[in-house]
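Here is the structure we will look at.
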Amino acid sequence: MTPAHPEATQEPAWVHGHPHEPNPTPPPGDGVFLLLSPKGTQEWIAVERLRTLPYTEVAECYIVSTGHGKSGPFVFGGVALHDLLSACLPKAERWRHIDVISADGFGARLQPEEVLTAPPQRPILLAYARDGALMTRQAGLVRLIVPSETNDALKQVKWIERIVVAPL
């Protein structure tokens, strides 16, 4: 039997280590990403789709990135990840973790407790706006923002290509 997600049975290289080289050149793409559910269904998500969901802003966010130093504070706006999951997954669908993977191969793994227990005023965000303006391709178009992370922004994935919600 083939698993619904190959990522669910194999740990990607970026889970335990990945290059921390800055990537100043955006990979090609238009900000549309693939959402894979625990049951293996797929949905392409564009910024236009995100804009139909509840809008959330999170202030005082910093990007502390290897090779780039610290920038910010920013006000990021977009959709709380838990709101996207509520809109796209059946209520009873349970999951083990979420992998958010960039078009340049960088990624972050989020655990349920990170996503579901983030403070309401600082949820994990799929941001498409920064400081009141839509983000450019250079800035990520759609970017994962984890407000609680303040060290090396290893979970601040930009250029999102796919989000894999791994089954239990």
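The values are calculated or read from the model by the stated rules, or taken from the named source; none is laboratory data. Keep in mind the model is a prediction, meaning the values are calculated, not measured. Quick reminder, even Gly has a Cβ in these numbers, built from the backbone with ideal geometry, and neighbours come from all protein chains shown.
Filtering Glu60, Glu114 for residues that are touching a residue at least 12 places away in the same chain (Cβ under 8 Å), out of contact with any Ser or Thr (no Cβ under 7 Å at 6 or more places or on another chain) and on the phi > 0 side of the Ramachandran plot leaves a single hit, Glu60.
Of all residues in the range 105-118, one or more are touching a strand residue (DSSP E or B) at 6+ places or on another chain (Cβ under 8 Å), under 17 Å from Gly31 (Cα atoms) and not in a loop (DSSP other than H, G, I, E, B).
Suppose we filter Thr52, Thr56 for residues that are modelled with pLDDT of 85 or more, closer than 24 Å to Lys91 by Cα and within 15 Å of the chain's Cα centre (by Cα); which single one remains? One residue alone meets the criteria, Thr56. Take Glu93 and tell me if it is surrounded by 13 or more Cβ atoms within 10 Å (Cβ to Cβ) and under 22 Å from Val164 (Cα atoms). Judged against the criteria, Glu93 is a match. Taking Asp83, is it within 20 Å of Arg51 (Cα to Cα) and among the acidic types (Asp, Glu)? Judged against the criteria, Asp83 is a match. Scanning the range 99-136 for residues that are over 19 Å from Leu36 (Cα atoms) and exposed (fewer than 15 other Cβ atoms within 10 Å of the Cβ) gives Glu113, Thr117, Pro119, Pro120, Gln121, Asp131, Gly132, Ala133, Leu134, Thr136.
Yes/no matrix, rows are residues, columns are (1) of a type in the set (S, T, N, Q); (2) more than 18 Å from Ala46 (Cβ to Cβ); (3) part of a strand (DSSP E or B):
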site: Gly72; (1), (2), (3): no, yes, yes
site: His82; (1), (2), (3): no, yes, no
site: Ile101; (1), (2), (3): no, no, yes
site: Pro123; (1), (2), (3): no, yes, no
site: Tyr128; (1), (2), (3): no, no, yes
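Tell me, please, whether a residue that is in a loop (DSSP other than H, G, I, E, B), of a type in the set (Asp, Glu) and surrounded by fewer than 23 Cβ atoms within 10 Å (Cβ to Cβ) can be found in the range 153-167. No. The set of residues in the range 1-49 that are in a helix (DSSP H, G or I) and modelled with pLDDT of 85 or more comprises Val47, Glu48, Arg49. For the range 68-104, the candidate set comprises residues that are over 18 Å from the mean Cα position of the chain (by Cα) and of a type outside the set (D, E, K, R); within that set, the residue that is farthest from Gly29 (Cα to Cα) is Ala92.
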